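These notes concern the structure reproduced below.
The values are calculated or read from the model by the stated rules, or taken from the named source; none is laboratory data. All of these numbers come straight from a predicted model, not from anything done at the bench. Ideal geometry is used to build each Cβ from the backbone, glycine not excepted, and the neighbour counts take in all protein chains shown. The area values use the complete protein model at the heavy-atom level, side chains included, leaving out ligands, DNA and RNA. Shrake-Rupley method; radii C 1.70, N 1.55, O 1.52, S 1.80 Å.
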Amino acid sequence: VRTVRPQVTTSFLDVNFWFVGTPNLTAQSAQTSSKFNKLRNKFIEVMAYYGVTVSQVNFFDVVGWAADKYTYVDVGDDGYAVDEHAELIALSKDLPEDNRGVNFFFVQGFNGYSLLGKAGGIPGPPLLQGSYHSGVVVSMGDYYWYGANKAANRVAETMAHELGHQVGLFHTSESDGSYHDPLGDTPQCTSDWNGDGLVDAWECEDAGSDNLMFWSANLSANLTPDQLYVIHHNAWMY
């Protein structure tokens, strides 16, 4: 196996933003929306912190029956089944052959789940559009609920977290503390002090709750050298 980019610490990444029945946000209006551009710039800022320059940003709409069906996404409880999440991501099949962007599908929310976002895989298939795993779905619930600054921070963190999954990063610790990622330098948390079956952020303050890939949202941008290695060596990066 030949490593083509062995020492890389900086990369470029293209992204595709898809708007799926999102009120007052379309491929056209988002480009001039001050609130959305605050979110966009925050995401670009977070990725730059990891050495990833967001290069080309493309804007697309999901319209008609698909916008009505998928603006609130039903997800299955049996892993990566062919559910509405998978069907929505597969709409990327219509992209031009030279499009190499990671797909972000913005929806209003997920039905029946308190999900902020969901990736197509860990990792998803790099540089392959149109499969059931070719992208990330992001809830815009926080975007509509909060003011511009807080909305930008929360949604951008979700985007970065789910992108981490899409390029190969697992949770540093899963919710019950019994599973951890395979990387050697990431912290592991097993502390369930209150016995509720969850390793909460406050219980893991010294054991990884400040990592971007901790299982629950934490508004943190921290990643370890091994995590950065995984990101920069994914084929989406150039």
Flag if Gln129 is in contact (Cβ under 8 Å) with a residue 40 or more places away in the chain and more than 24 Å from Ala207 (Cβ to Cβ): no
List the number of the failed condition for Pro182; all other conditions in (1) in a loop (DSSP other than H, G, I, E, B); (2) modelled with pLDDT of 90 or more; (3) of a type outside the set (A, V, I, L, M, F, W, C); (4) surrounded by 19 or more Cβ atoms within 10 Å (Cβ to Cβ) hold. (4)
Could you give every pair whose Cβ atoms fall below 6 Å, whose first residue belongs to region 44-64 and is without any contact (Cβ under 8 Å) to a residue 12 or more places away in the chain, and whose second residue is open to solvent by less than 30 Å² (accessible area, probe 1.4 Å), counting only separations of at least 6 or pairs across chains? Ile44/Val54
Criterion (at pLDDT 95 or above, open to solvent by 90 Å² or more (accessible area, probe 1.4 Å) and closer than 26 Å to Ser131 by Cβ) met by exactly one of Asp78, Asp61, Asp68, Asp14: Asp68
Out of all the residues in region 157-179, which are out of contact with any Leu (no Cβ under 6 Å at 6 or more places or on another chain) and assigned to a loop (DSSP other than H, G, I, E, B)? Val167, Gly168, Leu169, Phe170, His171, Thr172, Glu174, Asp176, Gly177, Ser178, Tyr179
Hits in region 118-170 (condition: at positive phi and buried (at least 23 other Cβ atoms within 10 Å of the Cβ)): Gly135
Provide a single number: the residues in region 145-160 that are within 19 Å of Leu88 (Cβ to Cβ) and not β-branched (Val, Ile, Thr). 1
So how many residues does region 192-230 have that are loosely packed, with under 14 Cβ neighbours inside 10 Å and of a type in the set (A, V, I, L, M, F, W, C)? 3
Taking region 22-33 as the search range and keeping residues that are among the hydroxyl-bearing types (Ser, Thr, Tyr) and either out of contact with any strand residue (DSSP E or B) (no Cβ under 9 Å at 6 or more places or on another chain) or in a strand (DSSP E or B) (or both), which one is surrounded by the fewest Cβ atoms within 10 Å (Cβ to Cβ)? Thr32
Just one of Phe36, Phe19, Phe43 is part of a strand (DSSP E or B) and either crowded, with 17+ Cβ neighbours inside 10 Å or aromatic (Phe, Trp, Tyr) (or both); which is it? Phe19
Within region 193-238, track down each residue that is over 21 Å from Thr158 (Cβ atoms) and in contact with a Phe, Trp or Tyr (Cβ under 8 Å, 6 or more places away or on another chain). Glu203, Tyr238
Kindly evaluate Asp192 against the criterion of being in contact with a Leu (Cβ under 7 Å, 6 or more places away or on another chain) and free of Cβ contacts under 8 Å to residues at least 40 places away in the same chain. yes
